[in-house]
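Trainee: Would you mind keeping the following structure in view while I ask a few things?
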């Protein structure tokens, strides 16, 4: 079968090659991959800026159909459409695992960097990480469950204030999804902030009905206080990795901020005194919880959120084009289709909206 693999350490070394098909093993299942999403983490893996264990097939965001069951697997059937949490090989023994936080286990080796992932025609995954895709949720929407679950996990940490204000910093896929989920979860108002370099994505988000701000035309904390009639924002979601100071400045006293963005440097300026003065609650959210996957799928099934406009689908053979479009922000979210016969899957291209 075809698989997109990082063949060796160092930058680059990404090759589409033929590899043997996986075989089921006790407790695991083989999936026929239908779509798999390119994440910013994948770009970092290619650049050798994120831990990885080559040779390894990339891809940790995917939807598939169960092809075969390993010994001892119950509750699942061949042909079911499923998505899979990327928390394989968590130890199940450490204090985090025993508290239900397997997604934070230091021993986990997720598909796509620790074990073979979903940029292939088939993938082998643990059965206990599967979630069934509701019948009314199509493949494109289901392929976005993993980033959607990351957003839901953040709101588990810092709940959306019913009728309150939510300010999202950074108009990438996670930022756009954060704004959409905040509105779906009961926020009274939500705004998405981006820099001039993200003008295309801001315009795209505006087409989805999200209020957007260009940070070049305003002082974000000052605008936030004007937006909330002098009170300050109830909840800030930082997804850019570089706007923590602006987020703290926008908060009301005893407001909350959830940080999802990974900074480009180990040390960034933080207005510690201002955070103390605001009595701010600041949480840092990483990866996705078990409960967030069921919640994300339920939201999709109910039609509370439709992430499909974010997606542009590429054949696996066109992976170089898909990676380039992701790197250059020519698309919001690129999905790879590993099966040539599935090229007829409807796509909603966001290329023009994000250039």
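The values are calculated or read from the model by the stated rules, or taken from the named source; none is laboratory data. As the structure is a prediction and not an experimental result, all values here were calculated from the model. Note: ideal-geometry Cβ built from the backbone for every residue, glycine included; neighbour counts use all protein chains shown.
Trainee: Which of (1) touching a helix residue (DSSP H, G or I) at 6+ places or on another chain (Cβ under 7 Å); (2) surrounded by fewer than 18 Cβ atoms within 10 Å (Cβ to Cβ) does residue 231 not meet, given it meets every other one?
Mentor: Failed condition: (1).
Trainee: Could I ask something else about it? It is to be established whether one or more residues within the stretch 305-317 are loosely packed, with under 14 Cβ neighbours inside 10 Å and not assigned by TED's automatic domain parsing to the domain that holds residue 154.
Mentor: Checking the stretch 305-317: not a single residue is loosely packed, with under 14 Cβ neighbours inside 10 Å and not assigned by TED's automatic domain parsing to the domain that holds residue 154.
Trainee: Also: Assigned by TED's automatic domain parsing to the domain that holds residue 159 and modelled with pLDDT under 95 - does that describe any residue in the stretch 247-262? Show your work before the answer.
Mentor: Step one: list which residues in the stretch 247-262 are assigned by TED's automatic domain parsing to the domain that holds residue 159, which gives 247-262.
When the remaining residues are screened for being modelled with pLDDT under 95, the result is 261-262.
Checking the stretch 247-262: at least one residue is assigned by TED's automatic domain parsing to the domain that holds residue 159 and modelled with pLDDT under 95.
Trainee: Can you find, within the stretch 162-180, the residue that is farthest from residue 254 (Cα to Cα) among those that are part of a helix (DSSP H, G or I) and touching a residue at least 60 places away in the same chain (Cβ under 8 Å)? Don't jump to the end; show me each part of the working.
Mentor: Of the residues in the stretch 162-180, the ones part of a helix (DSSP H, G or I) are 173-180.
Narrowing the set further to residues that are touching a residue at least 60 places away in the same chain (Cβ under 8 Å) leaves 173-178, 180.
Working: 173: 28, 174: 25, 175: 23, 176: 25, 177: 25, 178: 21, 180: 24 Å.
Filtering the stretch 162-180 for residues that are part of a helix (DSSP H, G or I) and touching a residue at least 60 places away in the same chain (Cβ under 8 Å), the one farthest from residue 254 (Cα to Cα) comes out as 173.
Trainee: When the residues of the stretch 136-148 are narrowed to those that are part of a helix (DSSP H, G or I) and in contact with a strand residue (DSSP E or B) (Cβ under 9 Å, 6 or more places away or on another chain), which ends up farthest from residue 180 (Cα to Cα)? Steps first, answer last, please.
Mentor: Of all residues in the stretch 136-148, those part of a helix (DSSP H, G or I) come to 139-142, 145-148.
With in contact with a strand residue (DSSP E or B) (Cβ under 9 Å, 6 or more places away or on another chain) added as a condition, the list becomes 139-142, 145-147.
Values: 139: 19, 140: 17, 141: 14, 142: 16, 145: 14, 146: 15, 147: 13 Å.
Top of the filtered list is 139.
Trainee: While we're looking at this one, here's another question. May I ask you to list the residues in the stretch 134-153 that are buried (at least 24 other Cβ atoms within 10 Å of the Cβ) and farther than 12 Å from residue 296 by Cα?
Mentor: 140, the sole residue that qualifies.
Trainee: Got a sec? Which strands (runs of 3 or more DSSP E) wholly within the stretch 13-77 have at least 3 residues that are crowded, with 20+ Cβ neighbours inside 10 Å and outside the structural domain of residue 314 (by TED's automatic domain parsing)? If you could, list the steps in order and put the result at the bottom.
Mentor: Working: elements: 14-18, 28-37, 61-69.
In the stretch 13-77, there are no strands (runs of 3 or more DSSP E) which contain 3 or more residues that are crowded, with 20+ Cβ neighbours inside 10 Å and outside the structural domain of residue 314 (by TED's automatic domain parsing).
Trainee: Now for a different question. Could you please find all residues in the stretch 262-298 being at positive phi and surrounded by fewer than 14 Cβ atoms within 10 Å (Cβ to Cβ)?
Mentor: Once the filter is applied, which keeps residues that are at positive phi and surrounded by fewer than 14 Cβ atoms within 10 Å (Cβ to Cβ), the stretch 262-298 yields only 279.
Trainee: OK, next. If residue 123 meets every condition in (1) under 17 Å from the mean Cα position of the chain (by Cα); (2) crowded, with 22+ Cβ neighbours inside 10 Å; (3) part of a strand (DSSP E or B) apart from one, which number is that one?
Mentor: (1)
Trainee: Answer yes if at least one residue in the stretch 83-96 is in contact with a strand residue (DSSP E or B) (Cβ under 9 Å, 6 or more places away or on another chain) and surrounded by fewer than 19 Cβ atoms within 10 Å (Cβ to Cβ), and no otherwise.
Mentor: Checked the stretch 83-96: at least one residue is in contact with a strand residue (DSSP E or B) (Cβ under 9 Å, 6 or more places away or on another chain) and surrounded by fewer than 19 Cβ atoms within 10 Å (Cβ to Cβ).
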